[in-house]
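To start, the structure itself, in structure tokens.
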Amino acid sequence: MADFYAIWDNFKNFIGGRAGVLHVLLFGLALLSCMFMGKKQRRTLVYPTVLVFLFFFNPLFYRYIGNKFLSGVYWRLLWMVPLNFVTAYGLVALVCRFRRQAVRAAAVLAAAACIIVTGKCIYNEQTFAKADNLYKLPQAAIDVSDAMAAAGIDWKVRAVVPNELFCYVRQYRCDVGLLYGRNAGGFISDISDEAKAVYNEMCRETPDIGLLTDLCRQQEVVFICFNTEMQQIPKDLSAYGYLPYRTIGEYSIFIWEEKA
């Protein structure tokens, strides 16, 4: 039962909780209508959707595949369900059955109202900001990545960066190999105990520099980047084997003295 509850939580999070119930009902009605439209609609829309749901809600599939390979992102399986397309297709097919334009307009407006009233605008101050550059990534992530790559030490130079940067660094440059990324939070794959210890220290406002640098040297981390506005660190880490390399805004980058 624990597996089923976990699956159900993934499903609720995917649809947005209670706010998404009407959307799911619309989708269910559209899918049901597609079932009776003909063999082509059943093969292209109904059967693939049912197959995805059978896998998604299968506790054995979740236990042996989802937990192992899709930890934290199991809900992404539902990306394979053509929710929007089936809903739109079913609605258009339904509307076309009405002969009177007023009835057609009323059906479209009713469906649109269900979506608009229960929906949520994603373009707000928390989720949307004007792009700083053509890459549509934070400029700090680009500058920090370029600075580390410019050292020309070796391909896939290993680095540790603040939590707010690691998702963007991996998107921008493939020659900067981070010790960990989103997988530090349990996504996709696990990380080593040493990497977890580094991550835990980087999450602290006042990290244990001695422990952090010891772990980084063991993992052959060449660059360590700190956010000096959020973390309290010494200005000089030479006693710990890392030398000042570059300062970019609030970010201070240190380089392993053996690679300097």
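Set side by side, the residues Ala151, Ala131, Ala184, Ala197 differ, and just one is under 16 Å from Ser252 (Cα atoms) and small (Gly, Ala, Ser), which is Ala151.
Within the stretch 112-141, the set of residues being at pLDDT below 85, under 24 Å from the mean Cα position of the chain (by Cα) and among the aliphatic types (A, V, I, L, M) comprises Ile122, Ala129, Ala131. Residue count for the stretch 189-208 satisfying the condition of being more than 15 Å from Met230 (Cα to Cα) and open to solvent by 90 Å² or more (accessible area, probe 1.4 Å): 2.
The number of residues in the stretch 98-107 that are within 24 Å of Val46 (Cβ to Cβ) and surrounded by 14 or more Cβ atoms within 10 Å (Cβ to Cβ) comes to 1. Residue pairs whose Cβ atoms lie under 7 Å apart, separated by 6 or more positions or on different chains, with the first residue in the stretch 3-25 and acidic (Asp, Glu) and the second in a helix (DSSP H, G or I) and open to solvent by less than 70 Å² (accessible area, probe 1.4 Å), are Asp3/Pro59; Asp3/Tyr62. Whether a residue is over 20 Å from the mean Cα position of the chain (by Cα) and open to solvent by 70 Å² or more (accessible area, probe 1.4 Å) was assessed, and Arg170 does not pass this test.
Does Ile122 meet the test of being open to solvent by 40 Å² or more (accessible area, probe 1.4 Å) and not in a helix (DSSP H, G or I)? Yes; evaluated as a whole, the condition is true for this residue. Among the residues of the stretch 128-146, not a single one is closer than 26 Å to Thr213 by Cβ, in a loop (DSSP other than H, G, I, E, B) and in contact with a Pro (Cβ under 9 Å, 6 or more places away or on another chain). The set of residues from the stretch 152-164 being under 28 Å from Glu205 (Cβ atoms) and in a loop (DSSP other than H, G, I, E, B) comprises Val161, Pro162, Asn163, Glu164. Close Cβ contacts (under 8 Å, 6 or more residues apart or on different chains) running from residues in the stretch 120-132 that are closer than 18 Å to Phe14 by Cα to residues that are in a loop (DSSP other than H, G, I, E, B) and open to solvent by 100 Å² or more (accessible area, probe 1.4 Å) comprise Ile122/Phe128. The condition of being of a type in the set (D, E, K, R) and touching a residue at least 60 places away in the same chain (Cβ under 8 Å) does not hold for Glu194. Restricting attention to the stretch 38-97 and to residues that are among the β-branched types (Val, Ile, Thr) and either in contact with a strand residue (DSSP E or B) (Cβ under 9 Å, 6 or more places away or on another chain) or touching a residue at least 40 places away in the same chain (Cβ under 8 Å) (or both), the residue that is most open to solvent (accessible area, probe 1.4 Å) turns out to be Thr87. Taken together, Val169, Val160, Val198, Val144 contain a single residue that is at pLDDT 90 or above and touching a Ser or Thr at 6+ places or on another chain (Cβ under 7 Å), which is Val169.
Checking Leu22, Leu31 one by one, the residue that is modelled with pLDDT under 85, crowded, with 16+ Cβ neighbours inside 10 Å and within 28 Å of Arg97 (Cβ to Cβ) is Leu22 and no other.
The values are calculated or read from the model by the stated rules, or taken from the named source; none is laboratory data. What you see is a predicted model; the values in this text were computed from it and never measured. Quick reminder, even Gly has a Cβ in these numbers, built from the backbone with ideal geometry, and neighbours come from all protein chains shown. Surface areas here come from the heavy atoms of the whole protein model, side chains and all, with no ligands, DNA or RNA. Shrake-Rupley method; radii C 1.70, N 1.55, O 1.52, S 1.80 Å.
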